[in-house]
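K.L.:
Have a look at this one before I ask anything.
The values are calculated or read from the model by the stated rules, or taken from the named source; none is laboratory data. Predicted model only: the values in this text are computed from it and were never measured. For neighbour counting, all protein chains shown are included, and Cβ atoms are generated from backbone atoms with ideal geometry for every residue, glycine included.
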Amino acid sequence: MTELRLRVNGSEHVLDVPVGTGLAHVLRDELGLTGTKIACNEGHCGACTVQIDGEPRLSCITLAHAVDGEVTTIEGLRDHPLVDAFVRCDAVQCGFCTPGQVVSAAALVAARPSPTREEIRHALAGNLCRCGTYPKIEEAILSVAPSVEKGR
Amino acid sequence: MARLIRTEKEVEGRFEEVWVVVEEDPLEQWPAGPLTVVGRPAPRKDAPERVRGEARFTADIRLPGMLQAAILRSPHAHARVRRIDLAPALALPGVRAALGPGEAHGLVEEAGFAGAPVAAVAAETFGQARAALAAIDVEWEELEVVLDADEAVRRGLLTAGPRRHERGDVERALAEADVVVEATYRTQTVLHNSLETHQAVCEWLGDTLHVYISTQFIWGVRQEIAETLGLPEDKVRVVCEFMGGGFGSKNNPDEYTFVAAELARRTGRPVRCALTRREENTAAGNRNATIQRLRAGARSDGTIVALEGEFTNAVGWSGWNASTEGPMRMLYACDNLRTVTYGARLNTPPMKAFRAPGFVEGTFGLECLVDELAARLDVDPLELRRRNYADSNEGTPFSSKNLAECYRLAERHWERRHEVHARSDAVWKRGVGMASQIWYGGGGPPSYAWVRVGSDGRATVITAMQDIGTGTRTAMAQIAAEELGLPLERVEVVLGDSARGPYASISAGSSTTPSMGPAVRAAAADARQQIDDIAEQRSLPAGTPVEDIVAVLEDGQILGKGARGPNPTGMSVLTFGVHVVEVAVDVETGEVRVERVAAIHDVGRIVNPLGASSQVEGGIIQGIGHTLSEERLLDPATGRILTTSLDAYRMPTIADVPEIVCEFVDVPDEHLTNLGSKGLGEPPIVPVAAAIANAIRDATGAEVRELPISREEMLRALEAARAQERGRRGAPAAV
């Protein structure tokens, strides 16, 4: 066991986990933050997306001990305007990929407050949704963009 | 009064006769069109929990002391375990129990496919369990492997006897036809890839087994576990409040559940058994490949006089022989028809239902064949479909059918083809194609619901159904709200637990809304009647709000109960629709882009237009993957699956989504229940592949008869079309 210091959603955590443990497992199993989902566990689907210093990262293939920065999970974005937009636009079916979609989308609108459709498609192309909510996700992100801008 | 009746029950195109007690369903249907709550767009009741990551899926269940299980799977496509030694695994750190073949239901001695489960281990961590698998010593006896479906049929290796249908005289009709078209269509094996893998957590509390499972059928799981383990059904509790996709693959408990239950029994601790993505893509089911050898004959006026099909389903080691011939039997009026459907037993992973099993594949073959016929006859494809409209299902009347109205609504999309063609250039060829949709989706009894109304005027619908992501929780709330006269935000729905509420039907076969909706409405009507009785006794004026009527109850509650009435006897309950698809084909690279899909569906009354549009979009997007990019590949030498990762198995992303236009013929089925709604989960995927293939032919003249239409397949078809063109012109063929 090796000490792990992790800043998640504004809180500091000191944990004892083996070197080689993935960030997603630490979030879910050590910290109980099960909003971050693991769907493939090999970096192909985006369900486990979190932000590290605002950048979207695949937490299932990120080694927890290698994290140097503030981790933001879906639990840290629950008051983000995107959440309401996803709800309003029906951008959720089974919901297993949805937290990852929101985390990716939040990183996008932080960097590009009024993204184009093309920019949305580029930024979200790594987040698979088997139910096919994509059109509604696009709509949700487009709908929220101006209000994020106004908030600045 | 309760009535015991014998009724026909249909799930995924399979029929059985069952006894059910139904209560009279005296409720008249609501008028057509949007009502106060029903028929109005509603965001999902549970969307906030799902979006915020608060919804607790089976994958998120954490029980104190929970162990993790892992399953040893056969590396061989067909082999027998001659000897197995679990002792080295049991000696490893963290390992608490191990099971060999026969020690849990589903762990087998004879592995019929690569990935068949043979042994399992429970350990403190998943890593320890996986490491222990590697220590299990197995001596295998390898057996003969059959992977080719045609070979299996030739040798009589079938999962069941061939299924035959015949009407009229096909030979004579073909001989007398003015035009006969004949073609072979092939569809590939595709994988469900629900993002939450198949999994269960099992825990014994006293003599009761608690099962948390990602499932589409809480009560089916309860029944199957009880029967397999020899328990009374009420000693099995099944919980699934949220589940991360199923698409037909999660209707049964399967080996992972029995492994978890047995390991939990042996260790006295809760056990999770969750498939990895790679196991999911090996052994959790698939849409089986098909080979369809089809013929159609028509008179020069476009009347189809004969249809003939030989269908082979590459079922795999086990599974059922889906109705790939169904569309050919039911979509068109044709007096002379003959079909035979073989289920090939192969050393490949078993098929499982996948969103309109059989009909997706069969519609691809039939609707492409009909377009080939239209081209030969020089008749407009839409017109040809209208000329062969079926007014009954082999003599049985439809409970409702508005396909003609779907065709009418499709006209304005179909007429875009001239403008679409005009946008072609030297490289990108553009075209438009269509295909019709037919499928089941009527649901049925038994299905029950309770409605509880508190003195605060808030209501709770209680039924042990599941919402697999289709939004049925919200639809049930809308139906109850409408009947009770309450706003939607004052109605909650409790579901997902066999210990909390009455029996509810499977969420498969587009049946949840048509099965459960009428039961919920009946329960709400029962509650509403009691509320009205109270209002009358209190001499309250008509129109008094519910909360004012029931306020005197304090801790008292109104309890309503309802049951799903029977389906109409002597009628075929089916769903219909049509898609018009626009594609662009890069004739240099073979890239196909779907640019626009117009989907028009007739599924009776639409309860939630917002959720319904999401269902349609999702079905279309899944269909695009099926048509263009998805294919499970296996090593032809060994039968091992090659496409186990989401990198190798290519599903559509947000960047692949076309413009989607979604329309409904929103007319209640007057013969179907107090609701008049049919299911919508499956219809939107049914016509996608055929409509895309027909659009490709329209754009390029190339015949694409094999899925997926990868770039390689597209280039092959383009080259074949060019060769045919050269042949027609009498030019020498290129070397």
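K.L.:
Quick check on my filter: what residues within the stretch B:110-147 are assigned to a helix (DSSP H, G or I) and either crowded, with 18+ Cβ neighbours inside 10 Å or in contact (Cβ under 8 Å) with a residue 24 or more places away in the chain (or both)?
P.N.:
B:Phe126, B:Gln128, B:Ala129, B:Arg130, B:Ala131, B:Ala132, B:Leu133, B:Ala135
K.L.:
Among the residues in the stretch B:279-298, are any under 21 Å from B:Pro117 (Cα atoms) and among the acidic types (Asp, Glu)?
P.N.:
yes
K.L.:
Right, next: If you scan the stretch B:597-630, which residues turn out to be more than 17 Å from B:Thr513 (Cα to Cα) and of a type in the set (Val, Ile, Thr)?
P.N.:
B:Val597, B:Ile600, B:Ile620, B:Ile621, B:Ile624, B:Thr627, listed by residue number.
K.L.:
Considering only residues that are more than 14 Å from chain A (Cβ to nearest Cβ) and surrounded by 24 or more Cβ atoms within 10 Å (Cβ to Cβ), which ones fall in the stretch B:237-254? Break it down stepwise before answering.
P.N.:
Applying the first criterion (more than 14 Å from chain A (Cβ to nearest Cβ)) to the stretch B:237-254 yields B:237-239, B:251-254.
Within the stretch B:237-254, B:Val238, B:Pro253, B:Asp254 qualify.
K.L.:
Can you pull out the residues in the stretch B:182-211 that are over 19 Å from B:Leu67 (Cα atoms), among the hydroxyl-bearing types (Ser, Thr, Tyr) and within 14 Å of chain A (Cβ to nearest Cβ)?
P.N.:
B:Ser194
K.L.:
A further question follows. Residues to consider are B:Gly319, B:Gly268; find the one that is in the same structural domain as B:Pro75 (by TED's automatic domain parsing) and on the phi > 0 side of the Ramachandran plot.
P.N.:
Answer to the check: B:Gly268.
K.L.:
A further question follows. Would you point out the residue of the stretch B:20-78, among those that are within 14 Å of another protein chain (Cβ to nearest Cβ) and β-branched (Val, Ile, Thr), that is surrounded by the fewest Cβ atoms within 10 Å (Cβ to Cβ)?
P.N.:
Checking each candidate, the answer is B:Ile61.
K.L.:
Shifting gears a bit: For residues that are among the charged types (D, E, K, R) and within 14 Å of chain A (Cβ to nearest Cβ), scanning just the stretch B:596-626, find the one that is nearest to A:Cys89 (Cα to Cα).
P.N.:
Applying the filter and picking the extreme gives B:Glu617.
K.L.:
Within the stretch B:188-202, track down each residue that is in a loop (DSSP other than H, G, I, E, B) and more than 18 Å from A:Cys131 (Cβ to Cβ).
P.N.:
So the first thing to find is which residues in the stretch B:188-202 are in a loop (DSSP other than H, G, I, E, B), and the list is B:188-189, B:191-198.
Passing the criteria: B:Gln188, B:Thr189.
K.L.:
Right, here's the next one. Can you tell me which residue in the stretch B:639-667 is farthest from the other protein chains (Cβ to nearest Cβ), limited to those that are surrounded by fewer than 19 Cβ atoms within 10 Å (Cβ to Cβ) and aliphatic (A, V, I, L, M)?
P.N.:
Among those that are surrounded by fewer than 19 Cβ atoms within 10 Å (Cβ to Cβ) and aliphatic (A, V, I, L, M), it is B:Val667.
K.L.:
Also, quick follow-up: Any residue that is modelled with pLDDT of 95 or more, under 16 Å from B:Thr257 (Cα atoms) and outside the structural domain of B:Thr290 (by TED's automatic domain parsing) - is there at least one of those in the stretch B:138-158?
P.N.:
For the stretch B:138-158, residues modelled with pLDDT of 95 or more, under 16 Å from B:Thr257 (Cα atoms) and outside the structural domain of B:Thr290 (by TED's automatic domain parsing): absent.
K.L.:
Shifting gears a bit: Can you give me the number of residues within the stretch A:14-41 that are within 19 Å of A:Gly54 (Cα to Cα) and either charged (D, E, K, R) or away from every other protein chain (no Cβ under 14 Å) (or both)?
P.N.:
Final tally of qualifying residues: 2.
K.L.:
When you scan the stretch B:117-133, do you find a residue that is of a type in the set (Val, Ile, Thr) and not assigned by TED's automatic domain parsing to the domain that holds B:His210, even just one?
P.N.:
no
K.L.:
Out of all the residues in the stretch B:273-290, which are facing chain A (nearest Cβ under 10 Å) and outside any loop (DSSP other than H, G, I, E, B)?
P.N.:
Passing the criteria: B:Ala274, B:Arg277, B:Arg278, B:Glu280, B:Asn281.
K.L.:
Out of everything in the stretch B:91-102 that is among the small types (Gly, Ala, Ser) and in a loop (DSSP other than H, G, I, E, B), what residue ends up being surrounded by the most Cβ atoms within 10 Å (Cβ to Cβ)? I'd like the intermediate steps shown before the answer.
P.N.:
Taking the stretch B:91-102 as the starting set, the residues that turn out to be among the small types (Gly, Ala, Ser) are B:91, B:94, B:97-98, B:100, B:102.
Right, trim to in a loop (DSSP other than H, G, I, E, B) and you get B:91, B:94, B:100, B:102.
Values: B:Ala91: 10, B:Gly94: 16, B:Gly100: 18, B:Gly102: 12.
Only one residue tops the list, namely B:Gly100.
K.L.:
Please specify each residue of the stretch A:127-145 satisfying the condition of being modelled with pLDDT of 95 or more and away from every other protein chain (no Cβ under 11 Å).
P.N.:
Scanning the stretch A:127-145 gives A:Leu142, A:Ser143.
K.L.:
Here's another thing I want to ask about it. One residue is enough: does the stretch A:52-74 have a residue meeting the conditions assigned to a loop (DSSP other than H, G, I, E, B), surrounded by fewer than 23 Cβ atoms within 10 Å (Cβ to Cβ) and either of a type in the set (A, V, I, L, M, F, W, C) or facing chain B (nearest Cβ under 9 Å) (or both)?
P.N.:
yes
K.L.:
While we're here: Being surrounded by 24 or more Cβ atoms within 10 Å (Cβ to Cβ) and more than 7 Å from chain B (Cβ to nearest Cβ) is the filter here, so list the residues in the stretch A:116-126 that pass it.
P.N.:
Matches in the stretch A:116-126: A:Ile120 only.
Residue-wise test of (1) of a type in the set (S, T, N, Q); (2) in the same structural domain as B:Tyr256 (by TED's automatic domain parsing); (3) within 30 Å of A:Arg28 (Cα to Cα); (4) not in a loop (DSSP other than H, G, I, E, B).
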{"position": "B:Glu10", "(1), (2), (3), (4)": "no, no, no, yes"}
{"position": "B:Val38", "(1), (2), (3), (4)": "no, no, no, no"}
{"position": "B:Glu49", "(1), (2), (3), (4)": "no, no, yes, yes"}
{"position": "B:Pro75", "(1), (2), (3), (4)": "no, yes, no, no"}
{"position": "B:Ala89", "(1), (2), (3), (4)": "no, yes, yes, yes"}
{"position": "B:Ala104", "(1), (2), (3), (4)": "no, yes, yes, no"}
{"position": "B:Val108", "(1), (2), (3), (4)": "no, yes, no, no"}
